[in-house]
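Data block below; observations after.
Each reported figure results from applying straightforward, stated rules to the coordinates on display, with no laboratory input. The structure displayed is predicted, hence computed values, not measured ones. Every residue, glycine as well, gets a Cβ built from its backbone with ideal geometry; the counts of neighbours run over all protein chains shown.
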Amino acid sequence: MSIRKRLHDTAKDSQRKLKELEGQTLGTATNWEDVVTEYCTTVEEKAAAGEEKIFFDMKEFNQATITRVSMAMKERLGDVLIMVSPRGIEANWEMYD
């Protein structure tokens, strides 16, 4: 086998493994419901402490999980403003007079 062919096969195997890993990490985290419960509880606690918004840093989660969590939070929290970014979620319940 030529060196060129061996390197090509090695690169293709690595690319295939990377695509498999990306497929696994692109799905929603299995504990997303626990995260939603935790974040909604934190919103209630922060409101009781007098705060009107909070940012949840979600850098350890992928975008699919962030999106899923934000949709579930919106469903549970109703008219609370939920803003999504690649880094996390902000919940804002500030009312303007």
**Asked** Which of Thr30, Thr42, Thr65 moves the most in a Gaussian network model of the chain with Cα springs under 10 Å?
**Response** Thr30
**Request:** Give a residue-ordered list of calculated ³J(HN,Hα) values for segment 47-52 (Karplus: 6.51 cos²θ - 1.76 cosθ + 1.60, θ = phi - 60°; whole Hz; x for Gly, Pro).
**Result:** 5, 5, 8, x, 8, 10
**Message:** Given points 7 Å out from each Cα along the Cα-Cβ axis, report the Val80 to Asp13 separation in nanometres with one decimal.
**Reply:** 5.0 nm
**Complete:** Dividing the mean separation of Cα pairs under 8 Å (6+ apart) by the residue count of the chain yields a relative contact order in percent of 26 percent
**Asked** Hey, how much of the P(r) for the chain falls beyond 21 Å, as a percent of Cα pairs?
**Response** 47 percent
**Asked** What is the fewest-to-most order of Leu77, Leu18 by other Cβ atoms lying within 10 Å of their Cβ?
**Response** Leu18, Leu77
